[in-house]
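**Student:** Structure below; questions to follow.
What follows is calculated from the coordinates using simple rules that are stated; it is not laboratory data. Note that the coordinates shown come from a computational prediction; the quantities given were computed from them, not determined experimentally. Methodologically, a virtual Cβ is constructed for each residue, glycine included, from the backbone with ideal geometry; neighbour enumeration extends over all protein chains shown.
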Amino acid sequence: MVLLAVAITVVVMQPWQDDDGATVADSSGRPTAGPGHSGGPGRTTQPARPGDSANPSGNTSASPGSSPSASASPSASPSASGDPGTQAAALSGLLDNSGASRQSVINAVNNASGCTALTAAASDLSRAADSRNALLAELDTLKFDALPEAAPALSALRTAWRESASADAHYAAWAQAQADSGCGAGQTSKDAGDAASGRATAAKQAFVQAWNDIATRFGLPTRTELAI
């Protein structure tokens with residue numbers, strides 16, 4: 001009986017755990033973690049949540065200050081590089097030279113028609129054609145990006161000078177043909193010269209009609225077809 005009482009007392013006062021580590025109650029009735037359930041090596045570490053990092057909000061997006069800047073707006077279209085008044089004046093200066101050979105051309109054609117001074121007439125007409133071509137080449141070196149309204153006038157002027165150069169060259173050939181073969185020779189060249197001259201006159205008229213308004217606006221002299 002004494003031994004049985006001692007054994008019962010030991011059981012009541014000394015709880016223990018099962019060998020497999022199962023949790024048993026302590027004297028207070030709360031569960032006690034067995035091996036592998038304490039804060040020791042057997043503890044399983046839970047993955048960190050976004051809110052556990054240095055960014056307490058858990059928001060992984062960039063802060064307002066570090067957000068990509070908005071793309072730059074397209075650059076404005078480049079403006080014209082020149083001044084319209086200056087460009088108009090440059091063309092007006094070129095026009096001052098266009099009528100320089102007019103009288104010599106008239107005299108040479110009259111000589112060819114009268115079958116007189118034919119060699120000189122052919123030479124003068126050839127120089128006039130070269131002069132027209134030189135004006136065309138110089139015109140192509142000028143810029144009119146600040147004067148877009150002059151485009152129709154420029155087109156007409158190019159046609160006028162090109163056809164005038166063609167007419168002068170044909171008349172020169174006509175005069176030379178007569179000098180070589182006698183009066184009345186070279187009629188084909190004369191006819192070609194007349195046709196080119198007609199086209200040049202029409203282009204000159206178109207030019208002055210388009211140009212004179214521009215010239216007036218910039219205080220430049222107006223022109224007539226006879227001075228082109």
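**Student:** Given the Cα-Cα distance of THR141 and GLN209 and 0.36 nm per residue of separation, how much length would full extension add, in nm?
**Tutor:** Additional length available on full extension: 22.1 nm.
**Student:** If you don't mind, there's one more thing I want to ask. Just order 152-165, 134-147, 207-220 by mean Cβ neighbour count inside 10 Å, highest at the front, would you?
**Tutor:** 152-165, 207-220, 134-147
**Student:** What FRET efficiency comes out for the pair LEU94/THR188, r = Cβ-Cβ distance, R0 = 22 Å, nearest 0.05?
**Tutor:** Once the sixth-power term is evaluated, E becomes 0.10.
**Student:** What's the magnitude of the charge dipole for the stretch 84-227 around its Cα centre, counting Lys and Arg as +1 and Asp and Glu as -1 at the beta-carbon? Answer in Debye, nearest 20.
**Tutor:** 140 debye
**Student:** Let me ask something else. With a cut-off of 8 Å between alpha carbons and a minimum separation of six or more residues, what is the relative contact order of the stretch 84-227 in percent?
**Tutor:** Relative contact order here is 29 percent.
**Student:** Let me ask something else. Could you calculate the FRET efficiency of THR86 with ALA134 from 1/(1 + (r/R0)^6), where r is the beta carbon distance between them and R0 is 22 Å, rounded to 0.05?
**Tutor:** 0.50
**Student:** Could you tell me which of rounded, prolate or oblate describes the stretch 84-227, using a ≥ b ≥ c as the square roots of the eigenvalues of the alpha-carbon gyration tensor, with rounded for a/c under 1.5 and, failing that, prolate when a/b is larger than b/c and oblate otherwise?
**Tutor:** prolate
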